[in-house]
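Here is the structure we will look at, set down as C-alpha cells.
Values in this text are rule-based calculations from the coordinates and carry no lab data. Small disclaimer: the values here were computed from a predicted structure and weren't measured. Cβ: placed from backbone, ideal geometry, glycine included. Neighbour counts: every protein chain shown.
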Amino acid sequence: MKNIFITIIFLFFFCAGYSQVKSKTTSSKQEVEVKSEKYDLGNIDLVAVLNLSVSYAKAAMQIKNSQGVIGKSNSEINSKSNKDVIEELSEIIQKPKPEDYFQSTQYPYLVDNKEFINMFLNDCSSFGKVRTQFYYRQNMFPIIFTKTENSELTFLVNCIAYDKILNTVETTPRKRASRVLTSMIIPSLKNFKSVFAIPPIKNVAITVVYECKNFLEDRKFALINDSESITAVFPKNLCVEFLSAKITEEELIKKSTFYIIDKDMEGNVKKVDIPIE
C-alpha cells in the first residue's frame, strides 16, 4: 500500500511538471511567433528603398540649388539636421503604430532601438567634415531598417547631402563616387559605434547625394546642377576591425558593396565596384 501511495504521488508531480513545461514551451513558441511577426520587414529590401528615396533626395538638392531653400510648396520633401531628426523620432515613437505599410515595418525597430539611434544621431552632427543635412521624403524617416539581397538586417542612414559640387571634366561617375566615399563616408564610420551595439544588425549603409557639373561649360543661366548618389554597404564586423586598425581602408572597400545613380542614368540604382584612389 505504501509503495502504491508513493507511485501515485510521483505520477501526480510528474504530470504537473510536464504540464508546466508544455505550457512554457507553448508560451515561448507563441512569443517567438509574435516577435517574428513584429519584426517582419516584408519586401522592404535595400535596393527597393534606394530606388524610391534617392530620387526624392536628388529632387530636394535641385530645388535647394534653384531656390536656396526647400520651400513650403515642396512640402513632400524634408531638409533636416541631425537634431531635427532626433525630434522627429521622438514624435514617431510617441504615436501608435502607423497603418502605412512601410512605416509599420519600421515602427518596432525605431521604438525598440530608440536609445541607440538617438546616441548615433547625437554623435553625427557632421559626416567627415561635412555638416549633416538629410534630404528625404515625408513619411520616410531617414534611419531605415532594411535587408540586403542576402536577407541580412541593415541599418541605413539615408540621403545625406555632400557640400561640394564635383567637376565632371575628365572624371567618371565611379571616380566622383570614390571621392565622396573616401572624404565623407568612411571618416563617418566612427559615428556608428552605438549602432554596432544593436545585436541583429549585420551591415551599416550610408547614402550620400551630391551635385556635379562640367566646370568648362557656361552654366551661368542654368537653373540646376546635375546630381548623383552613392550608397555604401559595410559589414558591421569589418567596420569594427577597420576602426580598431586591424584592416586597411582598401580591405574595407574591397569587401563592401556599392550602389550609384549617376547624372546620365534613367531609372534604378546600379551595383558597382568603386576604384580605390
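Just check the range 44-272 against the gyration tensor rule for me: Cα atoms, a ≥ b ≥ c as the square roots of the eigenvalues, rounded for a/c under 1.5, and otherwise prolate or oblate depending on whether a/b exceeds b/c.
Because a/c hits 1.5 or more and a/b fails to exceed b/c, the range 44-272 counts as oblate.
How would you rank Tyr162, Tyr259, going from fewest to most other Cβ atoms within 10 Å of each one's own Cβ?
Fewest-to-most Cβ neighbours within 10 Å comes out as Tyr259, Tyr162.
Lys83 to Ser125: extension gain in nm, 0.36 nm per residue of separation minus the Cα-Cα distance?
14.3 nm
Over 28 Å between Cα atoms, which of Lys95/Lys263; Lys97/Lys270; Lys147/Lys270; Lys114/Lys271; Lys202/Lys271 qualify?
Correct reply: Lys95/Lys263; Lys97/Lys270; Lys114/Lys271.
If I model a spin label at Asp45 and Met265 as a point 7 Å from the Cα along the Cα→Cβ vector, what separation in nanometres do I get?
Between Asp45 and Met265, the label points sit 1.6 nm apart.
What FRET efficiency would be calculated for the residue pair Lys193, Lys255, taking the C-beta separation as r and a Förster radius of 22 Å, to the nearest 0.05?
0.65
How far is it, in nm, from the label point at Lys164 to the one at Ile93 when both lie 7 Å from their Cα along the line to the Cβ?
3.6 nm
Taking R0 as 30 Å, what FRET efficiency do you get between Ser151 and Arg179 from their Cβ-Cβ distance, rounded to the nearest 0.05?
0.40
What net charge is computed for the residues neighbouring Lys193, neighbours being all others with C-beta under 14 Å from the C-beta of Lys193, Lys and Arg scored +1, Asp and Glu -1?
Overall, the nearby charge balance is -1.
Can you put Ile185, Ile92 in order, fewest other beta carbons within 10 Å first?
Neighbour counts put them in this order, fewest first: Ile92, Ile185.
Give me the percent of DSSP beta bridges within the range 118-251 that run antiparallel, rounded to the nearest 5.
65 percent
Within the set of other residues whose C-beta is less than 15 Å from the C-beta of Lys202, count the net charge using Lys and Arg as +1 and Asp and Glu as -1.
Here the count lands on -1.
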